[in-house]
Amino acid sequence: MRKRFFITGTDTEIGKTTVSEALLRSAQAHGLSTLGLKPLAAGADDIDGQWRNGDALTLQAASSVKVPYETINPVLLKAPMAPHIAAEREQRRVTVQSLAGFCRGAFMSNPVDFTLVEGAGGWVVPVNSRETLADLARELQLEVILVVGMKLGCLNHALLTARAIQADGVKLAGWVANQLSADMNGFNENLQTLQRLMPAPMIGLLPFMNSDQAIAAQWAEAILFGSDPVK
């Protein structure tokens, strides 16, 4: 079995990396080799004289196959802002073809059982003046897992993003509800509405501030092995 997915979200800071880490570790618990990639990241810290992105480091640590940081995150922009703006400020040009090439190189060099390619921000975040990260998922022909940040406005954000993914000709494999606060007004009703209206199954619910990786094991079966999704 060899599975590859693209992880996107309804917004930035919505929990894509948390969900990616949970999936990678759950796959390892089932005996699968894993690799998480963050081909494009905007936002870096100087760690011991080397610029690194925190999300990419998390994916590197959660991957069973150990590869150099540059394999995980080949394009790193220092400013935490929209990638195309950060690239312009650094006088760099980023293209979907170059990002796809980096990913394909990682796929060929590391033929693992389970690979995740995590985007930056939401589905149609610009890469340059003409391309978005949606084009990358389409170029790589990856199915998509959508992370929905459960907050006010999530119904509109989730349904519009799901519609855009389908309109781009990419398969939405499923979605994960990430509870962003302990006291969201109408949380259960919002969740039930999305379960009814989303065009793909809910494959997981990540409770608020629960970092226990065992939580993911309840629902990772759906995406890893095709079992029934979480109800």
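What pairs come out if I take residues in segment 1-19 that are open to solvent by 10 Å² or more (accessible area, probe 1.4 Å) and pair them with residues that are of a type in the set (F, W, Y) whose C-beta lies under 6 Å away, six or more apart or interchain?
Partner pairs satisfying both residue conditions: K3/F114.
If you take the residues of segment 125-184 that are hydroxyl-bearing (S, T, Y) and surrounded by fewer than 17 Cβ atoms within 10 Å (Cβ to Cβ), which of them is nearest to the chain's Cα centre (by Cα)?
Only one residue fits best here, namely S181.
Can R25 be described as in a strand (DSSP E or B) and of a type in the set (K, R)?
Judged against the criteria, R25 is not a match.
Every residue, every condition in (1) touching a Pro at 6+ places or on another chain (Cβ under 7 Å); (2) in a loop (DSSP other than H, G, I, E, B); (3) in contact (Cβ under 8 Å) with a residue 12 or more places away in the chain; (4) over 19 Å from R163 (Cα atoms), yes or no:
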| position | (1), (2), (3), (4) |
| --- | --- |
| S64 | no, yes, yes, yes |
| E70 | no, no, no, yes |
| A86 | no, no, yes, yes |
| A100 | no, no, yes, yes |
| A106 | no, no, yes, yes |
| G121 | no, no, yes, no |
| S129 | no, yes, yes, yes |
| A137 | no, no, yes, no |
| V144 | no, no, yes, no |
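Considering segment 38-60 alone, what residues qualify as being in contact (Cβ under 8 Å) with a residue 40 or more places away in the chain and open to solvent by 20 Å² or more (accessible area, probe 1.4 Å)?
Hits for segment 38-60 are A42, D55, T58.
Which of the residues that make up segment 146-161 are more than 26 Å from A62 (Cβ to Cβ) and either part of a loop (DSSP other than H, G, I, E, B) or small (G, A, S) (or both)?
Residues satisfying the conditions are L152, G153.
The values are calculated or read from the model by the stated rules, or taken from the named source; none is laboratory data. Treat the numbers as computed from the prediction; the structure is a model and nothing was measured. Every residue, glycine among them, receives a Cβ derived from its backbone with ideal geometry; neighbour counts consider all protein chains shown. Accessible surface is based on the protein model in full, side chains and every heavy atom, while ligands, DNA and RNA are left aside. Shrake-Rupley method; radii C 1.70, N 1.55, O 1.52, S 1.80 Å.
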